[in-house]
Structure formats: structure tokens, C-alpha cells
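Asks: One structure is given below, represented as C-alpha cells, and several questions about it will come after.
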Amino acid sequence: MIGRLNHVAIAVPDLAAAAAQYRNVLGGRVSEPLDQPAHGVTVVFVELPNTKIELLSPLGADSPIHGFLARNPSGGMHHLCYEVDDILAARDRLVAGGARVLGDGEPKTGAHDKPVLFLHPKDFSGTLIELEQV
Ligand code: CO
């Protein structure tokens, strides 16, 4: 059911510093910051040959990233995103198998203007999983 690894997301306390490190130290192809108010984050993408890295920083007081950074002050891996062909079919199969979908269970529009869902980390070895329909 799951396909390619679309991206690895890393929460960072200082987006400009993290973007500069990926650009200047690691030599990555780094995008400009993009605010995503619906998700409470500002995102920088690093394009790699086989996948992407998403650097996430909090946007707004209700950002879901604040709690993560409180527990991980220097930042850390926040989620993995796997591609699926049909997000509703994937959700129904996961829910039938006992997995928990975060929020109201309906796909939202994600960082790449595609439908996404998040799965509870306790159901997947402590890792928050995002599914993106491609
Ligand atoms: Co993501």
C-alpha cells in the first residue's frame, strides 16, 4: 500500500539557521520559507535526488510544533511521509486494521497541495506517519 518516501520532516527551533546549514554546510538545494497557516508551520524544503527533507518551524501560538520543540529543544525528526495512490482507501484499510488517524479522520491539503493524513505515532513504533496521495 505505501509507496515512495515523499519526505522526512525535521522540526527546528531556528528555521533560518537550519536552512543555512543545509544550504551552506550540506550543500543542499534549499527552498525559500513557506508559511502554511492551516498546519501551523513554516516549511523549508530541501530537494534530494531520491526524496525531500522538510524543515518545520512553528507558525502561530497553536502550532503543533511548539510541544515537540519543548520536548526536543535542539529539534529532531518529526514525521515520515509515505506516498499512497488512494488516500481514502488507505485510511479505510488502516482504520479497519486498528490504526488511529489523527484529527477528524478526513484528509487535509498538505504542504504540496495534495491530500494528507497523519497516523498516531503509538501505532507505528513511536513515529508520526503522514500519508500523501500522489
Ligand atoms: Co510532512
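Asks: For residues in the range 124-134 being open to solvent by 50 Å² or more (accessible area, probe 1.4 Å) and modelled with pLDDT of 95 or more, which is farthest from HIS79 (Cα to Cα)?
Replies: For the range 124-134, the residue satisfying everything is GLN133.
Asks: Could you please let me know if LEU55 is touching a strand residue (DSSP E or B) at 6+ places or on another chain (Cβ under 9 Å) and open to solvent by less than 70 Å² (accessible area, probe 1.4 Å)?
Replies: yes
Asks: Restricting attention to the range 68-81, and to residues there that are within 20 Å of PHE124 (Cα to Cα) and either more than 11 Å from the chain's Cα centre (by Cα) or of a type in the set (A, V, I, L, M, F, W, C) (or both), which single residue is least open to solvent (accessible area, probe 1.4 Å)?
Replies: Among residues in the range 68-81 that are within 20 Å of PHE124 (Cα to Cα) and either more than 11 Å from the chain's Cα centre (by Cα) or of a type in the set (A, V, I, L, M, F, W, C) (or both), the one least open to solvent (accessible area, probe 1.4 Å) is CYS81.
Asks: Another question, then. Kindly list the number of the only condition in (1) over 15 Å from the mean Cα position of the chain (by Cα); (2) within 15 Å of the ligand (Cβ to nearest atom) that fails for HIS39.
Replies: Answer for HIS39: the failing condition is (1).
Asks: Mind counting the residues in the range 82-97 that are within 15 Å of the ligand (Cβ to nearest atom) and open to solvent by 30 Å² or more (accessible area, probe 1.4 Å)?
Replies: Count: 1.
Asks: Can you pull out every residue in the range 1-21 that is more than 16 Å from the ligand (Cβ to nearest atom) and farther than 24 Å from ALA90 by Cβ?
Replies: Result: PRO13, ASP14, ALA16, ALA17, ALA19, ALA20, GLN21.
Asks: Which of the residues belonging to the range 122-133 are touching a residue at least 24 places away in the same chain (Cβ under 8 Å) and out of contact with any strand residue (DSSP E or B) (no Cβ under 7 Å at 6 or more places or on another chain)?
Replies: Hits for the range 122-133 are ASP123, PHE124.
Asks: What are the residues in the range 98-123 that are open to solvent by less than 70 Å² (accessible area, probe 1.4 Å) and not hydrophobic (A, V, I, L, M, F, W, C), if any?
Replies: Passing the criteria: GLY98, GLY105, PRO107, GLY110, HIS112, PRO115, HIS120, PRO121, ASP123.
The values are calculated or read from the model by the stated rules, or taken from the named source; none is laboratory data. The model shown is predicted, which means the values in this text are computed figures rather than measured ones. All Cβ positions, even for glycine, are placed from backbone atoms using ideal geometry, and neighbour counts span all protein chains on display. To get the accessible areas, we keep the full protein, side chains included, count just its heavy atoms, and leave off ligands, DNA and RNA. Shrake-Rupley method; radii C 1.70, N 1.55, O 1.52, S 1.80 Å.
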